[in-house]
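Visitor: Below is one structure. I have some questions about it.
The values are calculated or read from the model by the stated rules, or taken from the named source; none is laboratory data. In this text, all values refer to a predicted model and were calculated from it rather than measured experimentally. Every residue, glycine as well, gets a Cβ built from its backbone with ideal geometry; the counts of neighbours run over all protein chains shown. Each accessible area value is taken on the protein alone, full model and side chains, heavy atoms only, with ligands, DNA and RNA left out. Shrake-Rupley method; radii C 1.70, N 1.55, O 1.52, S 1.80 Å.
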Amino acid sequence: MAGRTPSVLIVGAGSAGIAAATRLLDRGFCNLTILEAENRLGGRIHSVRRGGNVLDYGAQWVHGKENNFIYDMASQYGLIEVEQHKENDLYYKSTGELVPKETSDRVLEMLHTLLEEDADSLRSYTGSLGAYYDQVFYDAVRAGKFAGIDQRTCYQLYQFFIKYHNTYNATDTLHEVSGAGLLEFEDNQDEFLINWKNRGFHTLLDLLMRKLPEQSGPPIPVEEYTKFNHVVKSIKWNCPENPHHHRVSVTCTNGATFSATHLILTVSLGVLQDLHTGWFDPPLPAPKRNSIEGLYIGTIDKLFLEFDEPFWPQDGSWHGFGLLWEPADLEQLRHDGRQWLRSVCAFFVPDRTERLLVGWIYGHDARTMEALPEGQVIDGLMYLLRKFLPHLPVPAGPRWFSRSRWYSNPHFRGSYSSRSMRSDAMRATAAALAEPLRTERAVPVVQFAGEASHPQLYSTVQGAVGSGWREADSLIELYNNRPDAGASENDGQQTLRGKL
């Protein structure tokens, strides 16, 4: 490029944006600016220290050992550990009754076994994941797979299984999740969770930025390239050629405008769905609009309760519990106007933390919870603890409370993506979302990264980081092979298609 380097603009300083930025900066692409709407790095990785605890409001666990570069990166420095207990071991009914462990283990292990054995039939299944799970469960009931187990308890455990998978997939209902589409997802989750030893998932960002003293090489100062509290208002792309070779211009709500040769857009699918019609000039092409509107993003939230002292057993036998509802108690929730509590599917005690109990809530009821006053949420959670754990000395309330609000925050508008029946009907794919907007000569102008753009690892930090590297590598390859890529396209030089 005759001494010139391309200017690169990255919108979003979450894991995808930081992955792209560190890759580019490490390869000498220093004409780079990151615009971040929040006042912090991390995006949906949000680790906050409170006393001896680190709270992860977003991503928390490493998803398995196999084929997982995040596990490889972290394990070489001893930053993570495999937990010695299953995610859900105990199940209480709304009557306060503890389901015998042999009963819950048998039902849930049978469900997992049946689904693994029948995985091939899911490939040709045209219905929803919820309909598929219902079919497998009721076929098993008719075949006597759960013989000897109380019918109501068996059904309650199945309902928990459904709620757990709604939480895992961040969906309102599994009946809107694509059955066959789920097989696109490369799920390497182990039986036991892998945690960050109370350091928080933000440790991964420190690894990417080479901030840890154990790492070799100078730190990559991403913060120095980041402009915080910069919210995008509009994006003009495919701009006419100019002396600075800028092809894209981004204007923020504070009036600041930034121009560059290339833009890597890493905002969440929820933000794209909310704002794409007003952001882009010219409007996005139809295939891109279809992918944004057809893919699915849902909501899960965490509810943090810190107590003066733990009221649960401290002998290592108690790590939380799943909630099993009696029909009459669910009806009482509706009568009391507390329907949102039905989607609090479990509470857990994060390993290596003190006095902390965390609840999971998903879907429509999570969005309802986000809008409720804090006191009302606390009252609801304490009602659940007293109702399900009458044998334990549950205190009147916590000493401190906090919650995530991923849907209400306009800079996220949801937790993470999945594949819905609507996605299938619209033929909306991650590959189409990832496809860059290009000039007539196929030079990428606007590139798309983020977990939703990864075909196999959507919904994960691994997918987000991988997508950021993908887009950075496509620019590195472009300029390694085409030193005139930032110059006038009227030169007639052959262009190189960016690697996806």
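Visitor: So, in segment 240-250, of the ones that are open to solvent by 40 Å² or more (accessible area, probe 1.4 Å) and free of Cβ contacts under 8 Å to residues at least 40 places away in the same chain, which residue ends up nearest to Ile292 (Cα to Cα)?
Guide: Pro240
Visitor: Continuing with the same structure: Name the residues in segment 10-50 that are closer than 23 Å to Arg247 by Cα and touching a His at 6+ places or on another chain (Cβ under 6 Å), would you?
Guide: Leu35, Ala37
Visitor: Report yes if Gly255 is at positive phi and open to solvent by less than 50 Å² (accessible area, probe 1.4 Å), otherwise no.
Guide: For Gly255, the condition - at positive phi and open to solvent by less than 50 Å² (accessible area, probe 1.4 Å) - is not met.
Visitor: Go through Tyr158, Tyr132 for me and flag whichever is within 29 Å of Lys65 (Cα to Cα) and in contact with a Gly (Cβ under 8 Å, 6 or more places away or on another chain).
Guide: Tyr132
Visitor: So, in segment 25-58, of the ones that are part of a strand (DSSP E or B) and among the polar types (S, T, N, Q), which residue ends up farthest from His411 (Cα to Cα)?
Guide: Asn53
Visitor: Quick check on segment 438-448: of everything there that is touching a strand residue (DSSP E or B) at 6+ places or on another chain (Cβ under 7 Å) and open to solvent by less than 10 Å² (accessible area, probe 1.4 Å), which residue is farthest from Leu284 (Cα to Cα)?
Guide: Among them, the one singled out is Pro444.
Visitor: Right, next: Can you tell me which residue within segment 119-177, out of those that are without any contact (Cβ under 8 Å) to a residue 40 or more places away in the chain and of a type in the set (Val, Ile, Thr), is surrounded by the fewest Cβ atoms within 10 Å (Cβ to Cβ)?
Guide: Out of the qualifying residues, it is Val141.
Visitor: Got a number for residues in segment 385-437 being open to solvent by 50 Å² or more (accessible area, probe 1.4 Å), among the aliphatic types (A, V, I, L, M) and either in contact with a strand residue (DSSP E or B) (Cβ under 6 Å, 6 or more places away or on another chain) or at pLDDT below 95 (or both)?
Guide: Counting residues in segment 385-437 that are open to solvent by 50 Å² or more (accessible area, probe 1.4 Å), among the aliphatic types (A, V, I, L, M) and either in contact with a strand residue (DSSP E or B) (Cβ under 6 Å, 6 or more places away or on another chain) or at pLDDT below 95 (or both) gives 1.
Visitor: Still on this structure, please answer the following. Give the residues of segment 95-121 that are assigned to a loop (DSSP other than H, G, I, E, B) and at pLDDT below 95, sorted by residue number. Before the answer, list the steps.
Guide: Narrowing segment 95-121 to residues assigned to a loop (DSSP other than H, G, I, E, B): 95-97, 99-100, 118.
Asp118 - this is the single residue of segment 95-121 that is assigned to a loop (DSSP other than H, G, I, E, B) and at pLDDT below 95.
Rundown of residues vs (1) of a type in the set (Asp, Glu); (2) open to solvent by 40 Å² or more (accessible area, probe 1.4 Å); (3) assigned by the TED database to the domain that holds Ile45; (4) closer than 24 Å to Val54 by Cβ, yes/no style:
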| residue | (1), (2), (3), (4) |
| --- | --- |
| Asp187 | yes, yes, no, no |
| Met209 | no, no, yes, yes |
| Gln215 | no, no, yes, yes |
| Asn229 | no, yes, yes, no |
| Asn238 | no, yes, yes, no |
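Visitor: Name the residues in segment 289-310 that are over 26 Å from the mean Cα position of the chain (by Cα) and open to solvent by 20 Å² or more (accessible area, probe 1.4 Å), would you?
Guide: Asp308, Glu309, Pro310
Visitor: Could you list, in sequence order, all residues of segment 45-80 that are open to solvent by 50 Å² or more (accessible area, probe 1.4 Å), among the acidic types (Asp, Glu) and either modelled with pLDDT of 95 or more or in the same structural domain as Pro327 (by the TED database) (or both)?
Guide: Asp72
Visitor: Please indicate, with yes or no, whether at least one residue in segment 193-201 is open to solvent by 50 Å² or more (accessible area, probe 1.4 Å), under 22 Å from Ala16 (Cα atoms) and either at pLDDT 95 or above or not assigned by the TED database to the domain that holds Phe348 (or both).
Guide: Looking only at segment 193-201, we keep the residues that are open to solvent by 50 Å² or more (accessible area, probe 1.4 Å), and these are 197, 199.
In the following step, the residues that additionally are under 22 Å from Ala16 (Cα atoms) were identified as 199.
Now drop any that are not either at pLDDT 95 or above or not assigned by the TED database to the domain that holds Phe348 (or both), which leaves 199.
Yes, segment 193-201 has at least one match.
Visitor: Among the candidates Arg367, Arg352, which residue alone is under 20 Å from Ile162 (Cβ atoms), out of contact with any Cys (no Cβ under 6 Å at 6 or more places or on another chain) and of a type in the set (Lys, Arg)?
Guide: Selected residue: Arg367, the only one of Arg367, Arg352 that is under 20 Å from Ile162 (Cβ atoms), out of contact with any Cys (no Cβ under 6 Å at 6 or more places or on another chain) and of a type in the set (Lys, Arg).
Visitor: Now for a different question. Let me spell it out: the conditions are (1) modelled with pLDDT of 95 or more; (2) among the hydroxyl-bearing types (Ser, Thr, Tyr); (3) open to solvent by 10 Å² or more (accessible area, probe 1.4 Å); (4) not in a strand (DSSP E or B), and Thr22 meets all of them except one. Which number is the exception?
Guide: For Thr22, the exception is condition (3).
Visitor: Would you confirm, using the coordinates I've provided, whether Tyr133 is assigned to a helix (DSSP H, G or I), over 19 Å from Thr299 (Cα atoms), among the hydroxyl-bearing types (Ser, Thr, Tyr) and in contact with a Phe, Trp or Tyr (Cβ under 6 Å, 6 or more places away or on another chain)? Before you say what the answer is, go through the steps one by one.
Guide: Details: assigned to a helix (DSSP H, G or I): yes; over 19 Å from Thr299 (Cα atoms): yes; among the hydroxyl-bearing types (Ser, Thr, Tyr): yes; in contact with a Phe, Trp or Tyr (Cβ under 6 Å, 6 or more places away or on another chain): no.
For Tyr133, the condition - assigned to a helix (DSSP H, G or I), over 19 Å from Thr299 (Cα atoms), among the hydroxyl-bearing types (Ser, Thr, Tyr) and in contact with a Phe, Trp or Tyr (Cβ under 6 Å, 6 or more places away or on another chain) - is not met.
Visitor: Could you run through segment 258-283 and say how many residues are surrounded by fewer than 20 Cβ atoms within 10 Å (Cβ to Cβ) and among the aliphatic types (A, V, I, L, M)?
Guide: Here the count works out to 1.
Visitor: Would segment 343-361 turn up any residue that is hydroxyl-bearing (Ser, Thr, Tyr), within 21 Å of His46 (Cβ to Cβ) and either outside the structural domain of Phe307 (by the TED database) or open to solvent by 20 Å² or more (accessible area, probe 1.4 Å) (or both)?
Guide: Within segment 343-361, one or more residues are hydroxyl-bearing (Ser, Thr, Tyr), within 21 Å of His46 (Cβ to Cβ) and either outside the structural domain of Phe307 (by the TED database) or open to solvent by 20 Å² or more (accessible area, probe 1.4 Å) (or both).
Visitor: Additional query: Would a scan of segment 428-441 turn up a residue that is out of contact with any Leu (no Cβ under 9 Å at 6 or more places or on another chain), in the same structural domain as Tyr164 (by the TED database) and in contact (Cβ under 8 Å) with a residue 60 or more places away in the chain?
Guide: Within segment 428-441 (the criterion being out of contact with any Leu (no Cβ under 9 Å at 6 or more places or on another chain), in the same structural domain as Tyr164 (by the TED database) and in contact (Cβ under 8 Å) with a residue 60 or more places away in the chain), the answer is no, since none of the residues qualifies.
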